[in-house]
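Please read the structure below before turning to the comments.
The values are calculated or read from the model by the stated rules, or taken from the named source; none is laboratory data. Remember, predicted model here, so these are calculated numbers, not experimental data. In this analysis, Cβ positions are derived from the backbone assuming ideal geometry, glycine residues included, and neighbour counts consider all displayed protein chains.
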Amino acid sequence: MKIIYQRPESLTPATNTYCPGCGHGIIQKLIAEVIDELELRTKTIAIAPVGCAVLSYNYFNFDVTEAAHGRAPAVATAIKRLLPNRIVFTYQGDGDLAAIGTAEIIHAAARGENISVFFVNNAVYGMTKGQMAPTTIPGQKTTTTINGRIPEIHGYPLRICELLSSLDGVVYLERTTTSDISGILSTKKAIKKAFLQQMENKGMSFVEILATCPTNWKKNPLESMKWVKEVMEKYYPVKVYKNPSGTEK
Amino acid sequence: MKIKLLNGCEASAEGAISAGCKFYAGYPITPQNRYPEYMSERMEEIGGIFIQAESETSSINMVFGAAAAGFRSMTSSSSPGISLMQEGISYLSGCELPAVIVNMNRGGPGLGDVTPSQADYFQSTRGGGHGDYRTIVLAPWSCQEIHDYTYLAFDLADRYRNPTLVLGDGLIAQMYETVRIKPQKRRFAKKPWAINGCSGRKPNSLKSLFLTPGVLEAHNWKLASKFAKIEKREIRFEQYWCSDSSYILVSYGTCARIAKEAVQRAREEGIDIGLFRPITLWPFPYAQLGEYIKNAKKILVVEMNLGQMIDDVKIAAANSSARIFFYGRPGGGIPDPDEIYREIKKK
């Protein structure tokens, strides 16, 4: 018998606590697959965020540390500077990276820290059950914007890729989606490219991944995928913002 | 043996380097700006890492990362910056990570001023951030001591896997004294728990999150037994003329050094007084002080604040019938020996 598909070695057999249809499971599996393919498992150190993905140290089968809310880029900075031949990445949600941790991500990017950042944008606070995120889309209903986000009252969403694209320290910057198979495959490619950049000591590689949160969006998984495609991708264009010179698009 | 003329920031930094510190992250704040400046040069010379962070919040989280990776690491700051670090210190304690934090205490609350103060006693000795934890606190009174105790702080932090504070102040940060530099430490205990890549072993994880009912409680009890061990083993203090005195002055840090001169003068004039000086503020030398004040008639607590350590002195004096007096200079005021001498006479 021939094995044609199996759990990547970089994932533990633990059953994850993510809701049905949640984007985290897909994205973490993609990261694990890439780490296996590049044979980086025993060299990799991940920094988990505060939020639904905090428990990723139970799912990733390599060294993982927790970080205080939003501080993962600072933690990663020190680890990578001291252990430059390891692969260091942060895995952060939109509340973690784009609200409480904006100073840490912007300055780690400005310093050009040679780390990879995977930013999961699902436009809502997941673990605290559905409050407005910095990336909540105008009109989107959350538990703190029950009539929908009104920019004049709640402010405008942050477009993080656009914001970071002006910084010289970021060498690779791409927004991808998980709304369909081709998006998921592109996301995997982007994750791989991010790690390859890091292996070449180029600077920060940053991938924003649009993802679903069916529970807090009060949609079923299929409706959620559709909402990512039809609403989120319009507000957050899926594209390469910065490509390192000398690499293919 | 190398002897150098150094200020308190430099002396402490050299103590850290002798102890094998390989990582420093910090943010400028008066009165300890010399610390990051000096470390930026020295870390480069010794092949360590210096980072000027965007905030004290980031500094302490960089220290968290460095400690997680298994390196001796530190930051320094002054009071408002230390307030910003409390979140990170709580996480260090929760994850049981060793790190050293130097606080050159200045006047508060708020932005306060940039002059010496001891107003961060409560914050330093009661954990400081959220949750049930303590940090070891060492209070030097000279440039030599801040050198020696910074070195010691790294050993204690590693031994107990717990953040350790060196509590100086604006006075010690700015004054210059000759310092005997400690020889370079070369042997270190292994850190099998470090997050440095799982080659040849099972993956490690560091966390302070324990959601399963009862697990966090068990973790807290484990921390409690560690704190009890520290309380038993690591108490440090000094006393001068306390054995035969009925009047005891209690003070710490640079304030105690000023008070010592006043106590000496009072003794020369025939006043029966001794000086008790806690060096570890946590663990506080309750039993040791309690013994010296058992039969005392008067206790005078002198601090550069509104009265914070006095609470610990009262705990230590539970079995003493001595009357307890306080003299304090808050908001960056520094007492001189004359005024403490006058206070001694007044009580």
Residue A:65: passes all of (1) within 25 Å of residue A:130 (Cβ to Cβ); (2) at the interface with chain B (Cβ under 7 Å from one of its Cβ atoms) but (1)
Flag if residue B:256 is exposed (fewer than 15 other Cβ atoms within 10 Å of the Cβ), more than 14 Å from chain A (Cβ to nearest Cβ) and among the small types (Gly, Ala, Ser)
no
Condition check for residue B:176: within 25 Å of residue B:125 (Cβ to Cβ), among the hydroxyl-bearing types (Ser, Thr, Tyr), touching a residue at least 24 places away in the same chain (Cβ under 8 Å) and surrounded by 11 or more Cβ atoms within 10 Å (Cβ to Cβ)
no
Over segment B:284-308, the set of residues in a loop (DSSP other than H, G, I, E, B) and not polar (S, T, N, Q) is B:284, B:285, B:294, B:296, B:297, B:304, B:306, B:307
Only one residue in A:46, A:133, A:98, A:72 is within 12 Å of chain B (Cβ to nearest Cβ), under 15 Å from the mean Cα position of the chain (by Cα) and over 16 Å from residue B:58 (Cβ atoms). Which one?
A:46
Any chance you could count how many residues in segment B:179-195 are buried (at least 19 other Cβ atoms within 10 Å of the Cβ) and touching a Lys or Arg at 6+ places or on another chain (Cβ under 8 Å)?
1
Hey, among the residues in segment B:191-218 that are among the β-branched types (Val, Ile, Thr) and farther than 24 Å from residue B:155 by Cβ, which one's nearest to the other protein chains (Cβ to nearest Cβ)?
B:212
One residue is enough: does segment A:104-121 have a residue meeting the conditions within 20 Å of residue B:94 (Cβ to Cβ) and buried (at least 24 other Cβ atoms within 10 Å of the Cβ)?
yes
Read through the list (1) touching a residue at least 40 places away in the same chain (Cβ under 8 Å); (2) surrounded by fewer than 16 Cβ atoms within 10 Å (Cβ to Cβ), then give the number of the only condition that residue A:15 fails.
(1)
Single condition residue B:88 does not satisfy, out of (1) assigned to a helix (DSSP H, G or I); (2) more than 21 Å from residue B:158 (Cβ to Cβ):
(2)
Residue in segment B:31-61 that is farthest from residue B:82 (Cα to Cα), counting only those that are acidic (Asp, Glu) and more than 14 Å from chain A (Cβ to nearest Cβ)
B:45
What's the total number of residues in segment B:92-114 that are outside any helix (DSSP H, G or I), buried (at least 20 other Cβ atoms within 10 Å of the Cβ) and of a type in the set (Gly, Ala, Ser)?
3
For segment B:238-264, the count of residues that are of a type in the set (A, V, I, L, M, F, W, C), within 20 Å of the chain's Cα centre (by Cα) and part of a helix (DSSP H, G or I) equals 4
Filter result (in contact with a strand residue (DSSP E or B) (Cβ under 8 Å, 6 or more places away or on another chain), of a type in the set (Gly, Ala, Ser) and within 15 Å of residue B:259 (Cβ to Cβ)) within segment B:308-347
B:328
Residue match in segment B:271-282 (condition: outside any strand (DSSP E or B) and free of Cβ contacts under 8 Å to residues at least 60 places away in the same chain):
yes
Qualifying position, being among the aliphatic types (A, V, I, L, M) and over 30 Å from residue A:86 (Cα atoms), among A:225, A:204, A:199:
A:225
Among the residues of segment B:156-176, is any among the β-branched types (Val, Ile, Thr), away from chain A (no Cβ under 14 Å), over 25 Å from residue B:230 (Cα atoms) and within 16 Å of the chain's Cα centre (by Cα)?
yes
Kindly indicate which of B:248, B:195 is aliphatic (A, V, I, L, M) and not assigned by TED's automatic domain parsing to the domain that holds residue B:98.
B:248
What pairs can you find where one residue is in segment A:119-140 and among the hydroxyl-bearing types (Ser, Thr, Tyr), the other is assigned to a strand (DSSP E or B), and their Cβ atoms are less than 7 Å apart, with a gap of 6+ or different chains?
A:135/A:121; A:136/A:124; A:136/A:142; A:136/A:145; A:136/A:149
List the residue pairs whose Cβ atoms are under 9 Å apart, where the first residue sits in segment A:146-158 and is over 16 Å from residue A:218 (Cα atoms), the second is in a helix (DSSP H, G or I) and aromatic (Phe, Trp, Tyr), and the two are 6 or more positions apart or on different chains.
A:157/A:235
